[in-house]
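> Supplied in structure tokens, the structure appears directly below.
Nothing in this text is a laboratory measurement; each read-out follows from the coordinates by a stated rule. Since we're looking at a predicted model, the values are computed, not measured. Positions of Cβ are backbone-derived with ideal geometry, glycine not excepted, and every protein chain shown enters the neighbour counts.
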Amino acid sequence: MLEGKYKGEELEVKLKRTPRFLEFLRTSNSRGIIVGFKAEVNMDEESLIKSAKEIMEKYSLDIVVANDFRKVSADSTECLILKSDGCMSKFCGSKEKLARILVDIVADMLKR
């Protein structure tokens, strides 16, 4: 064993809830473009869209990427991309490609 590593049988960890970062982010940056991520488990597409729209409205987000954990792997994802203008698109592919698409969407929004 490594020196300093815990060797006991049991370990109790207490977690403390922290404030939602998105609340702070929008109040401190009213003009910036904010992308939120909504991950759910075992949720049908209609419910996922509703959930994404709720956090978009609650936190004044410009974009929400919503997915079901069942459709995520180490390299790829299947998700919905919702924009505050009401546009929505489906994505299925690599996480790297998703990141590029999000950068393009944000860049386009900044041009307006």
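> Looking at (1) hydroxyl-bearing (Ser, Thr, Tyr); (2) surrounded by 14 or more Cβ atoms within 10 Å (Cβ to Cβ); (3) part of a helix (DSSP H, G or I), can you tell me which one residue 47 breaks?
(2)
> Out of curiosity, is residue 36 in a loop (DSSP other than H, G, I, E, B) and either out of contact with any His (no Cβ under 8 Å at 6 or more places or on another chain) or within 23 Å of residue 105 (Cβ to Cβ) (or both)?
no
> Is there a residue being over 16 Å from the mean Cα position of the chain (by Cα), surrounded by 10 or more Cβ atoms within 10 Å (Cβ to Cβ) and among the polar types (S, T, N, Q) anywhere in region 8-26?
Checked region 8-26: no residue is over 16 Å from the mean Cα position of the chain (by Cα), surrounded by 10 or more Cβ atoms within 10 Å (Cβ to Cβ) and among the polar types (S, T, N, Q).
> Then there's this: Under 6 Å between Cβ atoms, which residue pairs at least 6 apart in sequence (or on different chains) link something in region 46-58 that is under 15 Å from residue 20 (Cβ atoms) with a partner that is of a type in the set (Gly, Ala, Ser)?
Every condition considered, the pairs that remain are 55/36.
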